[in-house]
Amino acid sequence: MPGEFFGIQSRHLIGHLIDYLQSLNRTAMNRTRNRFAIAFGWLFAVYALLPLQVSLAADAQRDFTLPDLAGESRSLSDFRGRWVLVNYWATWCPPCLEELPELELFHSKAEGRAVVLGVNMESISSDDLRTFVDQQFLSYPILVASENPRREQILGPVDGLPTSYLVTPAGEVVARQVGPITAEAINAFIERYESRNRGEK
């Protein structure tokens, strides 16, 4: 029947038209997504090159003592003579978990020249935290600060997690970063700092 045939053809044509419009829409969305990804990538690249630029002259030298996973007291001053990255983190914090491999990379490649101190800030049992650390293959020391540490138990303000402080071998706090960091960025900052100080001597 002509009418029925036309109806079927019309439905097919309409269906094809809808599919085509949807494909155009997907293409536009993909282009927008790609543009956003490129822009975000550039932003992240610039940000990653400047991760530790906040000077902390007011808290130039501080010390703190916290228990490690074995219950032994550890102080920041125990690591004098090495660069120390003090990283405040929690197991529930996605950005913290994303940067753990970078912190492990920095720690393991430093070969004693630098060390990461991971300071856990949450209410979690020692057994659960120890299990988590083992599952993440973390070799650097983990200290336990609890969810609400006392002022003398932390190096400085922790406005969000993760927060990292960089301490020189002389015990001077020279930088702070709120948000994830990379091994490459930490090493680049240390190299610039040491180069600048050599130039001033």
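We did not get these values from a lab; they are worked out from the coordinates using the rules stated. Worth saying up front: this structure is predicted, and the values here are computed from it rather than measured. Neighbour counts run over all protein chains shown; Cβ positions are idealised from the backbone, glycine included.
Brief remarks on what is shown
- Here's how it looks for GLY179: its modeled amide H is under 5 Å from those of THR163, SER164, which are all 5 or more places away or on a different chain.
- Extension gain, SER75 to ARG196, is 40.7 nm, computed as 0.36 nm per intervening residue step minus the present C-alpha separation.
- Charged neighbours of LEU138, selected by a Cβ distance under 11 Å, balance to -1 (K, R count +1; D, E count -1).
- By the Cα gyration tensor, segment 57-200 has an equivalent ellipsoid whose semi-axes, rounded to whole angstrom, run 24, 17, 14 from largest to smallest.
- Around PRO180: net Lys/Arg minus Asp/Glu count, Cβ-Cβ under 11 Å: -3
- Available extension along the chain between PHE137 and GLU184 is 14.9 nm, counting 0.36 nm per residue and deducting the alpha carbon span.
- Whole-Å semi-axes of the ellipsoid equivalent to segment 84-150 (Cα gyration tensor, √5λ, descending): 20, 13, 11
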